[in-house]
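Presented below is the structure to which this report refers.
Every number here is computed from the coordinates shown, using simple stated rules; none is lab data. In this text the structure is predicted, and so the values were computed from the model without any measurement. Positions of Cβ are backbone-derived with ideal geometry, glycine not excepted, and every protein chain shown enters the neighbour counts.
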Amino acid sequence: MIELKTPFEFIEELIVTIEKTRKRKKLRQQDLCDLAGLSIATYQKFIYQKKIALISLVQVLYALDMIKNLEGLIAYDEIQSLDDIREAANKNPLPKRVRK
């Protein structure tokens, strides 16, 4: 069964992942904030109140070398359905072999 998460649950999971990564890299919260160019208050607001500006979140992910985690968010899948796949195949058929 597919498990759907609420936005709040997703943010909590993101915070856990960020905090585990920060600790694995042996960084204090202040060290991470210095690397990310954030105030400690901004980071703690994210940790405890689940609120952060998108630019600040991206800065945290860059500082932790976790930017690959964002690439899935910006990927765009143009084919949405089976009909789209069929339509795309009909527009770009494979070239046919020609005998000489």
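So here's what we get for this one:
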item: Extension reserve of the Gln29-Glu71 stretch, reckoned as 0.36 nm per residue once the Cα distance is removed; result: 12.7 nm
item: Fully extended contour minus Cα-Cα distance, from Lys5 to Ile40, at 0.36 nm per residue; result: 9.8 nm
item: Expected-Rg normalisation [2.2 N^0.38 Å, Cα atoms] applied to segment 1-86; result: 1.34
item: Gln49-Leu82 pseudo-label distance in nm [points 7 Å out on the Cα-to-Cβ vector]; result: 4.9
